[in-house]
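See structure below.
The values are calculated or read from the model by the stated rules, or taken from the named source; none is laboratory data. This structure is a prediction, so every number in the text was calculated from the model and none was measured. Here the Cβ positions follow ideal geometry from the backbone for every residue, glycine too, while neighbour counts run over all protein chains shown. When the accessible area is computed, the model is the full protein with side chains, heavy atoms only, and any ligands, DNA or RNA have been set aside. Shrake-Rupley method; radii C 1.70, N 1.55, O 1.52, S 1.80 Å.
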Amino acid sequence: MKQVRPKKNLGQHFLTDLSIAKAIADTVDACPEIPVLEVGPGMGVMTQYLVEKPRELKVVEIDRESVQFLNEHFPRLRENILGEDFLRMDLRQVFDGKPFVLTGNYPYDISSQIFFKMLDNKDLIPCCTGMIQHEVAQRMASAPGTKAYGILSVLIQAWYHVDYLFMVDEHVFNPPPKVKSAVIRMTRNEVTDLGCDEALFKRVVKTVFNQRRKMLRVSLKQLLPQPSAGFYEQEVMTKRPEQLSIPQFVELTNMVDEELKKI
C-alpha cells in the first residue's frame, strides 16, 4: 500500500525522524507493565517501537486510510487497531477498566481536548506522554508567576506532575508544522481529593484566567456579582490569577463556594 497522505482537516503532521519516534515511544517506560493506548498513530512511526515493548498495546486512529495502512503493516496488532474518534470513546472499555498509559503524536488542534479528557479519566490514566505544540507544553509545565501559567497549568498540575522533556524542530515532520513541538510526560501525583468542589474549581480557574490581566475582585464578579460585604476587600482579591498557586486556587474555590451557598 502507498504512503498515507497527510490530511490538513485532521491536523496530520507525520513524524519522519525515527530516533525521535523511538525517544517518544520510550517515554511510556516511566509507567512500566500497564497497557498503552496510542492516539493518532498515522503510519505507525511510534507504533513500531511501542509494539516491541512487553505489554499490551492498542492504537486509536480516526483516519480510515491510516487504519488500512496500519492493518496491512502491523498484522499482529490487527485486533487492537481501533478506528474511532478518541474524544468520543469510553476509555473504561478500552482495557476492561484497567489503568493504562496514554501516548501519541497528538494533533495540535485537539491536544487540549485530549488532556481535558485525560483529566476526566485521571483514575484510569496514571501516566500520559507524547508530543504536542511547544507553546502548549510550556503552558502545561509552567509555574505560578510566569507568563505561560494558565488554565491548563492549574487544572493538570492539580493532579499530575508535568515534565517538559525536549523540543522537536519543524523539519522532522511531513508536512512541517509552522511551530515547534515538544515532548512531555505527566504522571499522577499523590492527590486523591482537592479539598474543594472539583467542578467549581474548574469554573473558578477558567473564569479568572479568561480575564487574566484583571484582579480577582474584577474577574470573579462573573460568578459572584453581589457577594456578602467585605468579600472583595480581602487581600487575595488584589491578586491576578497567574500569581496563585494550586493550594491558593483551592482556598479561593472554597471561599467562592461559601458565598454561593449564601445566595
Which of the residues that make up the range 217-240 are surrounded by 17 or more Cβ atoms within 10 Å (Cβ to Cβ), part of a loop (DSSP other than H, G, I, E, B) and among the aliphatic types (A, V, I, L, M)? LEU224
Could you list, ordered by first residue, the pairs with Cβ atoms under 7 Å in which the first is in the range 116-133 and under 15 Å from TYR106 (Cβ atoms) and the second is part of a loop (DSSP other than H, G, I, E, B) and open to solvent by less than 10 Å² (accessible area, probe 1.4 Å), at least 6 apart or interchain? MET118/ILE125; ILE125/PHE100; GLY130/TYR106; MET131/TYR106; ILE132/TYR106
Residues of the range 23-58 that turn out to be under 18 Å from ILE110 (Cβ atoms) and touching a Phe, Trp or Tyr at 6+ places or on another chain (Cβ under 8 Å), as a count: 4
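Here is a yes/no grid of residues against (1) charged (D, E, K, R); (2) open to solvent by 30 Å² or more (accessible area, probe 1.4 Å); (3) modelled with pLDDT under 95; (4) under 26 Å from PHE116 (Cβ atoms):
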| residue | (1), (2), (3), (4) |
| --- | --- |
| LYS2 | yes, yes, yes, no |
| LEU10 | no, yes, yes, yes |
| LYS22 | yes, yes, no, no |
| GLU33 | yes, yes, yes, no |
| GLY42 | no, no, yes, yes |
| VAL60 | no, no, no, yes |
| VAL94 | no, no, no, yes |
Would you check which residues across the range 201-216 are in a helix (DSSP H, G or I) and either under 20 Å from the mean Cα position of the chain (by Cα) or over 24 Å from ARG139 (Cα atoms) (or both) and list them? PHE201, LYS202, ARG203, VAL204, VAL205, LYS206, THR207, PHE209
Across the range 247-263, what is the total count of residues that are under 26 Å from the mean Cα position of the chain (by Cα) and open to solvent by 30 Å² or more (accessible area, probe 1.4 Å)? 4
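Being of a type in the set (A, V, I, L, M, F, W, C) and under 9 Å from TYR164 (Cβ atoms) is the filter here; which residues of the range 137-152 pass it?
ALA137, MET140, ALA141, listed by residue number.
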If TYR164 satisfies all but one of (1) of a type outside the set (Gly, Ala, Ser); (2) part of a loop (DSSP other than H, G, I, E, B); (3) open to solvent by 10 Å² or more (accessible area, probe 1.4 Å); (4) in contact with a strand residue (DSSP E or B) (Cβ under 7 Å, 6 or more places away or on another chain), what's the number of the condition it fails? (2)
Has the range 120-131 got any residue that is open to solvent by 10 Å² or more (accessible area, probe 1.4 Å) and either hydrophobic (A, V, I, L, M, F, W, C) or assigned to a helix (DSSP H, G or I) (or both)? yes
Quick check on GLN157: is it surrounded by 16 or more Cβ atoms within 10 Å (Cβ to Cβ) and touching a Ser or Thr at 6+ places or on another chain (Cβ under 6 Å)? no
With the structure loaded, tell me whether ASP109 is more than 11 Å from the chain's Cα centre (by Cα), acidic (Asp, Glu), in a helix (DSSP H, G or I) and surrounded by fewer than 14 Cβ atoms within 10 Å (Cβ to Cβ) or whether it fails that test. yes
